[in-house]
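To start, the structure itself, in structure tokens.
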Amino acid sequence: MHSLKRILCYLLFSMSITNMVAQGASETYGKRTGVPFDTVIPSSCQDSVVVKIGLISDPQYCDCNSEGNRIYREVLKKLPVAIDSMNKFGVDFVMNLGDMIDRYYESYDSVNQFYDHLTMPYYNVLGNHDFEEIADSLKPTVISRYGMPDFYYGFSVKNWRFLVLDGTELAAYSRSLHPDLAGEGDSLIQQVQDKYNNRPWNGGIGRAQRQWIRNQIQAAHEAEQHVILFCHFPLYPDSVYLNLWNSEDIIALIEDYPNVVAYINGHFHAGNYGFKNGIHYVTQAAMLDTYDKNSFAVLEVYSDKLFFKGFGFNPDRVLSYEDHFKAPFRFFLTDTVLNSTHHAGSYIGRFYSASGSAIRYSFSSESGDYKNEFFFISHDSLFLKTDSDISVFEEIPIQVIGVDCSCDTVISVFKLHYDNTLQNISHTQGGSFLKVYPNPVTGTLYVRLENPGNDKPYEMVVIDMNGNVIQKINPGSIEHQDGMIAIKIDDNIPAGTYLVKLSLPKQQDVYSKFIIQ
């Protein structure tokens, strides 16, 4: 359903199919599907990147001989390439998803040296290999060597909240770090005895940390922040033997909040992906595996999608999500007044929205009392289509549909009015009248005097809609040839609707309305 909607949205922005828009106006939807898509989006609808994140998982270095497809020493060649790529991509920060080393305490120095070349902050997640085969006396120093503020922590970038979880805290290999959690860890280990993920190299998250996660997501929701969680251990799909021991508890926790967009992890070297109840679960493939491939990724976060640029065994992924905090857009018309200066093809006003989103405007197909047939819409502007006498109407209602890049649809009714105050001054008795272009104008306004009768104007001014003179035109500076006059509009005049007034000898003044952008 949502894939069809996205295709429809593309069609609406590339073709004028008003009836289809009207039929879709009442459609509602929640979180979108997580199925990757390759939909072409019009350039006017392409958002800029909100946050850009470098992702590295499981370098798992040690000065060890290769074991199968684990080429430990080759990591010292792969890691500098990934670090250099992060600098060139200009990511906002780099996230290492755990298992920086495989074993041996001195391995930390070998890999940490490369991270010092990053030109942006980087953060670390704790993995099982960061503690396995490390002496208990040295384990308390691991988070300081990684520059971590704590075992788990959070931070915000550009109004996105990122939570770094510690999935190792209830495991046997980290027990010396959390003696107060020993009982809770033993209980969890007993609970998973018959589970598929009952492996000693997995781990679990304790009650206190779970409450912290809940508090952080709730605070982010109140601050209208989306949330991405990082951890070493996968949660979903549930068929993976490397999943966190209490993955079901964490899934249930984060599904309580609509602002959670994704959970990103390592540990399962082959990589993986799952989608459940509005949340994307992405497992990054390990950097360690294989001799000739390097695996890392750059995640670009947009206002409606996550774009993973994968390298090596990490595939490209485009994952859509619903902007939970997006306010319904409204749009407006800059001018709703018509008068005798308007003829077929005349500019009336411009549609705009405070949302800043690219919007396509079109008339609804509904008839009723609407006078849509009197007008036409080009891009974001309304023009008069007819030379019929519209002064007989007290008001002229039109119904317009706006569709943004997400296919959110708004229908608005505008009531235009005919102003008779210019009825008797727009045309002279001798038949002279003005045409102006371009309209709207920025810079120079060109005025053509039709049926001039006298080719020597002696006064020209720009006035506002209250009759106040805004700019006087020096007669000596007017370029006049074959009824064409070029007026340099004063840069200090604010945007709005104005009249150009031309006084001719022995004739009534003539006026024409124009818009300054």
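Key figures
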| quantity | calculated |
| --- | --- |
| Conditions (1) out of contact with any Pro (no Cβ under 6 Å at 6 or more places or on another chain); (2) surrounded by 18 or more Cβ atoms within 10 Å (Cβ to Cβ); (3) on the phi < 0 side of the Ramachandran plot; number of the one not met by residue 312 | (3) |
| Residue in the stretch 282-304 that is assigned to a loop (DSSP other than H, G, I, E, B), over 20 Å from the mean Cα position of the chain (by Cα) and free of Cβ contacts under 8 Å to residues at least 24 places away in the same chain present | yes |
| Failed criterion for residue 392 (all others in (1) touching a helix residue (DSSP H, G or I) at 6+ places or on another chain (Cβ under 9 Å); (2) surrounded by fewer than 16 Cβ atoms within 10 Å (Cβ to Cβ); (3) modelled with pLDDT under 85 hold) | (1) |
| Number of the exception - residue 166 against (1) more than 34 Å from the chain's Cα centre (by Cα); (2) under 21 Å from residue 212 (Cβ atoms) | (1) |
| Filtered residues of the stretch 263-272 (kept if closer than 14 Å to residue 235 by Cβ and either buried (at least 22 other Cβ atoms within 10 Å of the Cβ) or in contact with a Phe, Trp or Tyr (Cβ under 7 Å, 6 or more places away or on another chain) (or both)) | 263, 264, 265, 266, 267 |
| Qualifying residue in the stretch 74-91 (condition: in a strand (DSSP E or B) and of a type outside the set (D, E, K, R)) | no |
| Spans of strands (runs of 3 or more DSSP E) in the stretch 398-470 with at least 2 residues assigned by TED's automatic domain parsing to the domain that holds residue 371 and modelled with pLDDT of 75 or more | 409-418 |
| Residue match in the stretch 352-373 (condition: on the phi > 0 side of the Ramachandran plot and out of contact with any helix residue (DSSP H, G or I) (no Cβ under 8 Å at 6 or more places or on another chain)) | yes |
| Residue 343 being touching an Asp or Glu at 6+ places or on another chain (Cβ under 8 Å), outside any strand (DSSP E or B) and surrounded by 18 or more Cβ atoms within 10 Å (Cβ to Cβ) | no |
| Matching strands (runs of 3 or more DSSP E) fully within the stretch 99-181 where at least 1 residues are assigned by TED's automatic domain parsing to the domain that holds residue 233, modelled with pLDDT under 95 and crowded, with 18+ Cβ neighbours inside 10 Å | 122-124 |
| Any hit, the stretch 322-335, residues being under 30 Å from residue 286 (Cα atoms) and either out of contact with any helix residue (DSSP H, G or I) (no Cβ under 8 Å at 6 or more places or on another chain) or assigned to a loop (DSSP other than H, G, I, E, B) (or both) | yes |
| Identity of the residue in the stretch 184-212, of a type in the set (Gly, Ala, Ser) and within 17 Å of residue 235 (Cβ to Cβ), that ends up surrounded by the fewest Cβ atoms within 10 Å (Cβ to Cβ) | 206 |
| Odd one out for residue 205 among (1) part of a loop (DSSP other than H, G, I, E, B); (2) within 26 Å of the chain's Cα centre (by Cα) | (2) |
| Among residues of the stretch 119-133, those that are of a type in the set (S, T, N, Q) and within 26 Å of the chain's Cα centre (by Cα), counted | 1 |
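The values are calculated or read from the model by the stated rules, or taken from the named source; none is laboratory data. Everything quoted here is computed from the prediction, not taken from an experiment. When we count neighbours, we look across all protein chains shown, and the Cβ atoms used for this are built from the backbone with ideal geometry, even at glycine.
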